[in-house]
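What follows is a short report on a single structure.
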Amino acid sequence: MTVLVIAEHDNVSLKSETAKVVAAAASLAGDIDVLVAGSACAAVAESVAKLQGVSRVLVADNPVYKAQLADNLAKLVVGQASGYSHIFAAATSTGKDLLPRVAALLDVAMISEVVKIEDADTFVHPIYAGNALEKVKSLDAVKVATVRASAFDAVPATANAAIVVLDVVINSVCSELAHTTVASERPELGNARVIVSGGRALGSADNFAILETLADKLGGAVGASRAAVDAGYISNDLQVGQTGKIVAPELYIAVGISGAIQHLAGMKDSKVIVAINKDPQAPIFQVADYGLEADLFEAVPKLVELI
Amino acid sequence: MKVMVPVKRVVDANVKIRVNAEHTAVDTANLKMALNPFCEIAVEEAVRLKEAGKADEVVVVSIGPKVAQEQLRTAMALGADRAILVETDEPMLPLSVAKILLAVQAREQAELILMGKQSIDGDNNQTGQMLAALADMPQATFASMVDITDGQLTVSREIDGGIQQLQLPLPAVVTADLRLNEPRYASLPNIMKAKRKPLDTLTVAELGVTLKPHQQILAVTPPAERKAGVMVASVEELVDKLKNEAKVI
């Protein structure tokens, strides 16, 4: 049994999800190879080589892989797939874009957002916005799956795996015209110990500043509900929910979020949930460990003061 | 230019589902069904392309039971020109759906396949990418902006950490994210008109598609319930609980 993990990175640094996917792969007790496809990504490969449990790092370093486009990356992965029993990637926007394409080319089904691995063939993943968990047994020779990183604890960076250079260049028929990233000093949502999320009740983009103050005081990240993102208060990549980020921090503070099932799907596995809302009927209180019925514009500044 | 929009009939987004007593499936009997919200966005986008003079025809396709005609009529009420139902009562994995859509595409020869990024039942987010792979077309998933100028497709994609703008040659597969557009409400005259639009029914066998089993569903269970929390009376009490009880700050 050998697992191929596709590394998640931005050509400069390795994303935290990969160490969690390697942890998921390690539960199968086989060899683990990690593919790093990118451009000028040597530093990423070195980070991967340190991850405990990794046998080999396969590096395809070429400008054609810079933009992480699915059409040529899928061909690259399929070209390397022989001999692997499992192909995993994190359930990030890159992993979700790429792996179904890989699975289809291999003529195997795929399992999305795996949260638990029972054995080499059996996986648990959420369906219906996390309102049900489906346990499936794969009948395919190669198991292709995206892994929900928040469901696994990262492996430590204590190893020193061999780096193998792949001299395979496959062009994409697409071209990247622009790539805008939202720079932030705060931790990434997927990685943050604390997340402070705001909803429509914040009322404006400017008002999100009070959540940022709280998040910074706790060393946490800022998130948002779909309603707040749709209202234009905050950028879409900070959306927590069924179709946004799925997070499981130690502390999740939901401020002015009513708690639609689509939002709950993204955060209900958090260890401690705090809800601050002035509507006592808000469904968010049903999943909160600590609920505070209060006006957020009074409660949040006070919270900042007391912490 | 012809646009094909695959759509799915799903449990309405506002309905809270339950797992059946045997823990073998989600109980969908007698629940309100609807056009999958992401599919609705894809239909809207295709209709807007037609209204902007960039597409000539919008064909919606669904794979499902006979009653999925309802969702195809909804899509036509939003402005799609005609519909194809590939009738089956079997539940289908995304790979099987992609194979069936590939066979439909072989007949239709659409230049753009526009579809939802995921259905809100299986939450798989696979079918568009699989279809693109099987058809050897480029793909742009999670689209928040789509434009076609001089035969070139430009798509803005919502990715982790930002936006990626891609240029793709046609034919291509685009999957719609939430912020691509806000679908219109179908007007009563358009709902009436949709009843007279053509709806063809096909079977998987007629399309010459052979499918094979890939997975067995062993169990479907409800997620672990969170234990009921407490309401605190003040910010002071909240801070005290977080510090001394939960020990997270």
Checklist entry - Here are some conditions: (1) open to solvent by less than 60 Å² (accessible area, probe 1.4 Å); (2) within 29 Å of B:Thr149 (Cβ to Cβ). B:Leu72 meets all but one. Which one does it not meet? => result (2)
Next on the checklist: If I go through the stretch B:2-38 residue by residue, how many of them are assigned to a loop (DSSP other than H, G, I, E, B), more than 18 Å from B:Leu131 (Cβ to Cβ) and either in contact with a Lys or Arg (Cβ under 7 Å, 6 or more places away or on another chain) or not charged (D, E, K, R) (or both)?
Outcome noted: 14
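Only residues that are of a type outside the set (A, V, I, L, M, F, W, C) and either without any contact (Cβ under 8 Å) to a residue 40 or more places away in the chain or farther than 18 Å from B:Thr88 by Cβ (or both): list them for the stretch B:67-77, please. Walk me through it before giving the result.
Here is the first cut: in the stretch B:67-77, the ones of a type outside the set (A, V, I, L, M, F, W, C) are B:69-71, B:73-74.
Result: B:Arg73, B:Thr74.
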Checklist outcome for this item: In the stretch A:144-176, anything away from chain B (no Cβ under 14 Å), in a loop (DSSP other than H, G, I, E, B) and either among the aliphatic types (A, V, I, L, M) or open to solvent by less than 40 Å² (accessible area, probe 1.4 Å) (or both) is listed as A:Phe152, A:Ala154, A:Val155, A:Ala159, A:Ala161, A:Leu166, A:Val168, A:Val169
Checklist entry - In the stretch A:46-72, what residues are within 14 Å of chain B (Cβ to nearest Cβ), over 16 Å from A:Asn11 (Cβ atoms) and either within 21 Å of the chain's Cα centre (by Cα) or part of a loop (DSSP other than H, G, I, E, B) (or both)? => result A:Ala70
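Is it the case that the stretch A:27-42 has a residue that's modelled with pLDDT under 95 and of a type in the set (A, V, I, L, M)? Explain how you work it out, then say what you get.
If we filter the stretch A:27-42 for residues that are modelled with pLDDT under 95, which is where we start, we get A:29-30.
Filter once more, so that each one left must be of a type in the set (A, V, I, L, M): A:29.
Looking through the stretch A:27-42, at least one residue is modelled with pLDDT under 95 and of a type in the set (A, V, I, L, M).
Looking at the structure I just gave you, is B:Thr175 outside any loop (DSSP other than H, G, I, E, B), open to solvent by less than 70 Å² (accessible area, probe 1.4 Å), touching a Phe, Trp or Tyr at 6+ places or on another chain (Cβ under 9 Å) and under 25 Å from B:Arg107 (Cα atoms)?
On the way: outside any loop (DSSP other than H, G, I, E, B): yes; open to solvent by less than 70 Å² (accessible area, probe 1.4 Å): yes; touching a Phe, Trp or Tyr at 6+ places or on another chain (Cβ under 9 Å): yes; under 25 Å from B:Arg107 (Cα atoms): yes.
So B:Thr175 fits the description; yes.
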Item to check | Test for A:Gly291: is it open to solvent by less than 50 Å² (accessible area, probe 1.4 Å) and either under 22 Å from B:Asn181 (Cα atoms) or in contact with a Ser or Thr (Cβ under 9 Å, 6 or more places away or on another chain) (or both) | outcome: no
Checklist entry - Got a sec? Which strands (runs of 3 or more DSSP E) wholly within the stretch A:177-287 have at least 3 residues that are modelled with pLDDT of 95 or more and either more than 17 Å from B:Ile159 (Cα to Cα) or within 11 Å of chain B (Cβ to nearest Cβ) (or both)? => result A:194-198, A:251-255, A:272-277
Next on the checklist: Within the stretch A:74-87, does at least one residue satisfy the condition of being under 21 Å from the mean Cα position of the chain (by Cα) and within 27 Å of A:Gly266 (Cα to Cα)?
Outcome noted: yes
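Among the residues of the stretch B:123-156, which ones are under 16 Å from the mean Cα position of the chain (by Cα) and either among the β-branched types (Val, Ile, Thr) or in a strand (DSSP E or B) (or both)?
Filtering the stretch B:123-156 for residues under 16 Å from the mean Cα position of the chain (by Cα) gives B:123-132, B:139-144.
Selection gives B:Thr127, B:Gln139, B:Ala140, B:Thr141, B:Phe142, B:Ala143, B:Ser144.
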Item to check | Where A:Val304 falls short, out of the listed (1) open to solvent by 10 Å² or more (accessible area, probe 1.4 Å); (2) not in a helix (DSSP H, G or I) | outcome: (2)
Next on the checklist: Exactly one of these conditions fails for B:Leu85: (1) over 22 Å from B:Phe142 (Cα atoms); (2) among the hydrophobic types (A, V, I, L, M, F, W, C); (3) buried (at least 17 other Cβ atoms within 10 Å of the Cβ); (4) within 14 Å of chain A (Cβ to nearest Cβ). Give me its number.
Outcome noted: (4)
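Can you give me the ranges of the strands (runs of 3 or more DSSP E) entirely in the stretch A:73-129 with at least 2 residues that are in contact (Cβ under 8 Å) with a residue 40 or more places away in the chain, of a type in the set (A, V, I, L, M) and more than 8 Å from chain B (Cβ to nearest Cβ)?
Values: elements: A:86-90, A:110-114, A:116-119, A:122-127.
Answer list for the stretch A:73-129: A:86-90.
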Checklist entry - Of everything in the stretch B:1-22 that's out of contact with any Pro (no Cβ under 8 Å at 6 or more places or on another chain) and not aliphatic (A, V, I, L, M), which residue is farthest from B:Leu85 (Cα to Cα)? => result B:Glu22
Checklist entry - Of the residues in the stretch B:115-147, how many are more than 7 Å from every other protein chain (Cβ to nearest Cβ), under 19 Å from A:Val144 (Cα atoms) and open to solvent by 20 Å² or more (accessible area, probe 1.4 Å)? => result 1
Checklist outcome for this item: Scanning the stretch B:163-176 for residues that are under 22 Å from the mean Cα position of the chain (by Cα) and modelled with pLDDT of 95 or more gives B:Gln164, B:Gln165, B:Leu166, B:Leu168, B:Leu170, B:Pro171, B:Ala172, B:Val173, B:Val174, B:Thr175, B:Ala176
Checklist entry - Given the conditions (1) open to solvent by 20 Å² or more (accessible area, probe 1.4 Å); (2) among the polar types (S, T, N, Q); (3) more than 8 Å from chain A (Cβ to nearest Cβ); (4) at negative phi, and given that B:Gln105 satisfies all but one, which numbered condition is not satisfied? => result (1)
Item to check | Failed item, numbered, when B:Lys227 is tested on (1) of a type in the set (Lys, Arg); (2) over 28 Å from B:Ile63 (Cβ atoms); (3) at pLDDT 95 or above; (4) open to solvent by 60 Å² or more (accessible area, probe 1.4 Å) | outcome: (3)
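So, B:Ala219, is that one open to solvent by less than 30 Å² (accessible area, probe 1.4 Å), away from chain A (no Cβ under 13 Å) and either aliphatic (A, V, I, L, M) or touching a His at 6+ places or on another chain (Cβ under 8 Å) (or both) or not? Can you show your working first?
Details: open to solvent by less than 30 Å² (accessible area, probe 1.4 Å): yes; away from chain A (no Cβ under 13 Å): no; either aliphatic (A, V, I, L, M) or touching a His at 6+ places or on another chain (Cβ under 8 Å) (or both): yes.
Answer is no for this residue.
The values are calculated or read from the model by the stated rules, or taken from the named source; none is laboratory data. Only a predicted model underlies this, so the values are computations on that prediction, with no experimental measurement involved. Every residue, glycine as well, gets a Cβ built from its backbone with ideal geometry; the counts of neighbours run over all protein chains shown. When the accessible area is computed, the model is the full protein with side chains, heavy atoms only, and any ligands, DNA or RNA have been set aside. Shrake-Rupley method; radii C 1.70, N 1.55, O 1.52, S 1.80 Å.
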